[in-house]
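> Sharing a structure here in structure tokens format.
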Amino acid sequence: MRIGISVITHTGQNIWQNGLGQNVVFLAELFQRLPFVESVLLIDVGDQGVMPAQVDLASRNLRLMRAHEASDEVDVIVEMGGALDIEWLDLMRARGKKVVFYCCGQPYVGLAEPAIFTKPTHAPRPDRCDEVWYLPKDAAFAPMMRLLHRCDVHEAPFIWHPQFIQQRIQEVEALGMRYGFAVHETPADSARRGLRVAIFEPNISVVKTSSIPMLVCDEAYRADAGSVHAMHVLNTLHLKDHPTMLYFANALDLVRQHKATFHGRHDIVGFMVQHADAIVSHQWQNEQNYSYLDALYGDYPLIHNSPWLKEAGYYYHGFDAREGAAQLQRAAVDHASGLDDYRTRSQRVFAVVDPFSQRNLDAYAARLLHLCRDAHFANTASRP
């Protein structure tokens with residue numbers, strides 16, 4: 001079985017722009033470890049013809065090619081990192097190839113927000129694929145996707161590997177900086193200093209915005225000014241002049257007392273090593289997020305509302321900013337002394353999402369074998 005996975009290359013690309021680019025690489029490397037997979041390649045639907053600098057294709061035994069070049073090189077096509085040409089997909093399916101749409105983004109807002117907020121979008125023909133795969137976070141939308149795409153939909157495991165964050169950590173270490181929570185001499189010292197909080201929500205969709213994290217920080221500061229030393233709100237420069245954002249921000253004590261800073265986009269490693277030692281996040285129906293795992297990998301206090309991650313970090317429920325503030329205060333006082341237990345709980349999460357664990361290898365093998373159960377591929381030595 002030969003597999004092609006779509007990616008989109010573009011000017012100024014960086015592997016840290018979103019989690020999808022990393023996810024494509026992890027999935028490709030997982031497929032390579034399956035005994036019935038002969039080869040894996042990446043199908044470029046962008047305009048650069050090269051992957052981001054952080055992705056060494058040669059060391060990963062991966063090739064990057066355009067769709068027309070891949071026509072005779074693939075048996076299974078996974079539309080994942082970029083939309084493929086519909087006519088090409090129709091041709092490939094007519095030739096007996098199998099096509100999967102791997103939906104990683106939140107599918108409901110992908111339909112609703114472009115129309116409501118007049119955002120640009122790409123809307124390919126729904127019935128272009130043989131199956132849809134979705135992540136556990138989107139199980140509630142499975143019936144919607146089944147009706148829309150007119151095919152079977154199946155859940156696939158959420159996977160993550162620290163290879164890219166390890167690479168970035170080495171880069172900052174070469175500059176004399178260290179990624180990871182710094183333990184002060186005593187927990188009391190940490191509490192008196194307060195936490196420098198970073199909020200990394202992208203602020204381009206209602207599923208991940210900085211509104212609730214800002215309230216969490218401000219409520220913690222009002223309850224105990226010693227718990228929050230500073231609040232850094234990233235990905236907000238495009239909102240800085242919006243009346244609602246100005247009204248909201250100026251209502252916060254942290255802003256009024258000049259303890260808040262608003263920034264553009266930064267990668268988590270580069271920003272944390274210089275400016276912050278805790279992260280507050282919020283999501284709505286989008287609970288599996290690579291940034292959470294990156295934060296946990298550095299042992300940073302992660303105050304979050306992801307039920308999937310309930311046993312790790314500092315969890316608060318839903319939109320309960322007061323509960324989030326209590327968790328932030330708890331982290332300010334107790335994180336250093338409880339670091340060993342915190343790290344142990346994070347390691348359990350890493351084990352579950354490891355792309356190369358036998359459990360995840362078996363799960364994706366089962367998905368591929370089910371997809372290709374009635375296929376008869378030509379021009380390949382291996383068969384599913």
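Only the coordinates and a few stated rules stand behind these numbers; no lab work does. As the structure is a prediction and not an experimental result, all values here were calculated from the model. FYI the Cβ positions are ideal-geometry reconstructions off the backbone, even for glycines, and counts take in every protein chain you see.
> What FRET efficiency comes out for Ala366 versus Val50 if R0 is 30 angstrom and r is the Cβ-Cβ distance? Round to the nearest 0.05. Spell out each step's value before the answer.
On the way: r = 34 Å, r/R0 = 1.12.
In this case the efficiency is close to 0.35.
> Any idea what angle helix 339-353 forms with the longest principal axis of the chain, computed on alpha-carbon atoms, 0 to 90 degrees, nearest 10?
Taking Cα atoms only, the helix is inclined about 20 degrees.
> Sticking with this one: Report the one residue of Val216, Thr344, Thr244 whose Cα lies farthest in the direction of the positive end of the charge dipole of the chain (charges on C-beta: Lys and Arg +1, Asp and Glu -1; origin at the Cα centre).
Projecting each Cα onto the dipole axis, the largest value belongs to Thr244.
> Turning to a different aspect of this structure: So, in Å, what gap is there between the alpha-carbon centers of segment 255-297 and segment 74-151?
30 Å
> Write down the percent of antiparallel bridges among all DSSP beta bridges whose residues are both part of the chain, to the nearest 5. Before the final figure, lay out the partial values.
Numbers: 0 of 38 bridges.
Roughly 0 percent of the DSSP beta bridges within the chain come out antiparallel.
> To continue, here is another question. Collect residues whose amide H, placed 1.01 Å from N in the peptide plane, falls under 5 Å from the amide H of His266; neighbours closer than 5 in sequence don't count.
Under 5 Å from the amide H of His266: Asn235.
> With N set to the number of residues, divide the alpha-carbon radius of gyration of segment 37-94 by 2.2 N^0.38 Å and report two decimals.
On the way: Rg = 11.8 Å, N = 58, 2.2 N^0.38 = 10.3 Å.
Cα Rg divided by the expected 2.2 N^0.38 Å: 1.14.
> Which of Gln22, Gln283, Gln54 ends up with the largest GNM mean-square fluctuation for the chain, with Cα atoms connected below 10 Å?
So, out of Gln22, Gln283, Gln54, the one fluctuating most is Gln54.
> Among Gln17, Ile3, Thr121, flag the residue with its Cα farthest along the positive direction of the charge dipole of the chain, charges on Cβ as +1 for Lys/Arg and -1 for Asp/Glu.
Checked the options; the winner is Thr121.
> Still on this structure, please answer the following. Any of Lys259/Lys310; Lys98/Lys119; Lys119/Lys310; Lys208/Lys240 with alpha carbons more than 24 Å apart? Name them for me.
Lys259/Lys310; Lys98/Lys119; Lys119/Lys310
> Quick check for me: using +1 on Lys/Arg Cβ and -1 on Asp/Glu Cβ, what's the dipole size of the chain about its Cα centre, in debye to the nearest 20? The partial results should precede the final answer.
Values: 36 positive and 44 negative charges, 40 e Å.
It comes to approximately 200 debye.
> Which one of Leu30, Val207, Ala83 has its Cα pushed farthest toward the positive end of the charge dipole of the chain, where Lys and Arg give +1 and Asp and Glu give -1 at the Cβ?
My answer, from the dipole projection, is Val207.
> Does anyone have the angle between helix 211-223 and the longest principal axis of the chain? Alpha-carbon axes, 0 to 90°, nearest 10?
Rounded to the nearest ten degrees, it is 20.
> Compute the FRET efficiency between Ala225 and Ala251 as 1/(1 + (r/R0)^6), taking r as their Cβ-Cβ distance and R0 = 30 Å, and round to the nearest 0.05.
Details: r = 17 Å, r/R0 = 0.57.
With R0 = 30 Å, the Cβ-Cβ based efficiency is 0.95.
> For segment 1-48, state the average projected area of the convex hull of the C-alpha atoms over all orientations, rounded to one decimal in nm².
3.3 nm²
> Output wanted: per-residue J couplings in Hz (rounded whole) for segment 195-200, from phi through Karplus 6.51 cos²θ - 1.76 cosθ + 1.60, θ = phi - 60°, x for Gly and Pro.
Once θ is set to phi - 60°, the couplings for segment 195-200 become 8, 8, 9, 10, 10, 9 Hz.
> For the pair Ser71 and Val352, how long in nm is the line joining their label points, each one 7 Å along Cα→Cβ?
Roughly 4.5 nm, to one decimal.
> Another question about this same structure. Compute the distribution of all C-alpha to C-alpha distances in the chain, in bins of 10 Å from 0, and list the percent of pairs in each, rounded to whole numbers.
In whole percents, the pair-distance histogram is 5, 22, 31, 24, 13, 5, 1.
> What is the gain in length, in nm to one decimal, between Glu311 and Arg345 on full extension, counting 0.36 nm per residue of separation less the C-alpha to C-alpha distance?
11.6 nm
> Same structure again: Where the centre of each part is set by its Cα atoms, how far does segment 29-65 sit from segment 312-351, in angstrom?
Each part's Cα centre sits 36 Å from the other's.
> At 4 °C and 1.567 mPa s, what whole-number value in µm²/s does Stokes-Einstein give for the translational diffusion of segment 176-349, with Rh from the Kirkwood sum over Cα pairs? Mind dumping the intermediate values first?
Working: Rh = 15.9 Å.
My calculation gives 82 µm²/s for D.
> Anyone know which of Pro52, Pro243, Pro35 comes out most mobile in the 10 Å Cα GNM of the chain?
Pro243
> Looking only at Ser205, Ser306, Ser59, which one moves most when the chain is put into a Gaussian network model with springs between Cα atoms under 10 Å?
Checking each option, the largest mean-square fluctuation is seen for Ser59.
> Provide Rg over Rh for segment 326-368; use the alpha carbon set for both Rg and the Kirkwood Rh (inverse mean inverse pair distance). Display every interim value, and only then the final one.
Numbers: Rg = 16.2 Å, Rh = 12.6 Å.
So for segment 326-368, dividing Rg by the Kirkwood Rh gives 1.29.
> Taking neighbour Cβ counts within 10 Å as the exposure measure, how do His258, His149 sort from fewest upward? Provide the component values of the computation, followed by the final result.
Working: His258 8, His149 20.
Ordered from fewest to most neighbouring Cβ atoms within 10 Å, His258, His149 come out as His258, His149.
> Sticking with this structure for a sec: Run the simple label-point estimate for Asp127 and Val183 please: 7 Å along Cα→C-beta, distance reported in nm.
Each label point lies 7 Å from its Cα, and together they span 6.2 nm.
> Here's something else I'd like to know. Using +1 on the beta carbon of Lys and Arg, -1 on that of Asp and Glu, and nothing else charged, what's the dipole of segment 176-349 about the Cα centre, debye to 20? It would help to have the intermediate numbers written out before the result.
Numbers: 16 positive and 19 negative charges, 49 e Å.
The dipole of segment 176-349 has a size of about 240 debye.
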